[in-house]
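Following: one structure in structure tokens, then a few remarks.
The values are calculated or read from the model by the stated rules, or taken from the named source; none is laboratory data. Please read these numbers as outputs of a predicted model, since none were measured by experiment. We place every Cβ from the backbone using ideal geometry, glycine too, and count neighbours over all the protein chains shown.
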Amino acid sequence: MLPLQTTIGWVGPRDHYWEWIREHLPQVENVPAEQAMDWYKLQRGVLAVALDGRQDSRLALVNQLSLFSSSPTATSAHTKPKAKRAVDKDVGPSSRSPWFVILGEDWAGHRRTYPLHEGIVSFYWHELFDQLLPWVSTLSPTSVHLSDRRVDRILEAASRSIAPSSFKTFALIRTDIATDSELWIDLLSRMGILSLDLPWNGRGARVSPDLIIMDLEARPRASGNAPAYRIDRWIEEWSDLKARFPESMRVAVDSFPRWDDWKQLIEIGVDVLLPKPFSPFGLQWSLQQWQQAAQLQK
């Protein structure tokens, strides 16, 4: 988490999934859009701008921040020429706090149809656990070493640097598609996580899983069209696993994240929600946070 003296200045809506996101951020302070530039210039903390739709009026603020951050008078770490970004691996300290953008449901696929400036650090609303929180956790009031790179590249490099944990962590995988199960086993093994070979309901388990992954992808129809999954399909099984392994971190993975579905998953006890594709580093980061919190409670 961020140091206690670091504040997240929130500009944007506070209902719907925005409330869910805000609950996971430390030291949130509501900042009116018309005061956001002054708040940022005074370096009162890290500024987060939430954009509900592609015509959101707060886009004007994002453009202002982008111009200000890249101006010669702004002593920010992400003012380096574009041509050097690909080779600069170590970014020096910055005298200015970073800022970032969170994109709502209407922004799905925006990189193809409505791209933001590439220097803007942005996250979709459903990337809370695997990208947004790991990124926020790296920030401090005086040092910005990630703000001038694309988030996917940051996390890809970080995932390669993670050392395996000698299979001290165990996972139970649930999916309807056999090939997906094999992919999960391979991915987790690369992260140092051993997949348990258990019956679907976990009966007779000798080792309790640290992690339960439920891949919500449904079996394709005969026509070849991908079906829409039904949350109801998983509720009974999810409840059974939750009762048998109450200390496990429960993760749902979804190719087509919709807030109405995810809200229902949260209500039945899902701890972490991951979109597809997701960052393996973010999954491992979330598990580490879960395990640390559990150790502190013991």
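What to note about this one:
- Scan of segment 112-126 for residues that are within 25 Å of T138 (Cα to Cα) and assigned to a helix (DSSP H, G or I), ordered by number: W125, H126
- Boolean, A218 is under 20 Å from P257 (Cβ atoms), surrounded by 16 or more Cβ atoms within 10 Å (Cβ to Cβ) and modelled with pLDDT under 80: yes
- Only residues that are in a helix (DSSP H, G or I) and crowded, with 19+ Cβ neighbours inside 10 Å were counted across segment 241-287, and they come to 11.
- Some residue of segment 69-84 being modelled with pLDDT of 75 or more and in the same structural domain as A33 (by TED's automatic domain parsing): yes
- Scan segment 27-44 for residues that are surrounded by 14 or more Cβ atoms within 10 Å (Cβ to Cβ), assigned to a loop (DSSP other than H, G, I, E, B) and out of contact with any helix residue (DSSP H, G or I) (no Cβ under 8 Å at 6 or more places or on another chain) and the total you get is 2.
- Here is the figure for segment 17-43: residues that are in contact (Cβ under 8 Å) with a residue 40 or more places away in the chain and of a type in the set (D, E, K, R) total 0.
- Top-ranked residue of segment 181-195 - restricted to ones that are of a type in the set (A, V, I, L, M) and assigned to a strand (DSSP E or B), ranked as surrounded by the fewest Cβ atoms within 10 Å (Cβ to Cβ): L194
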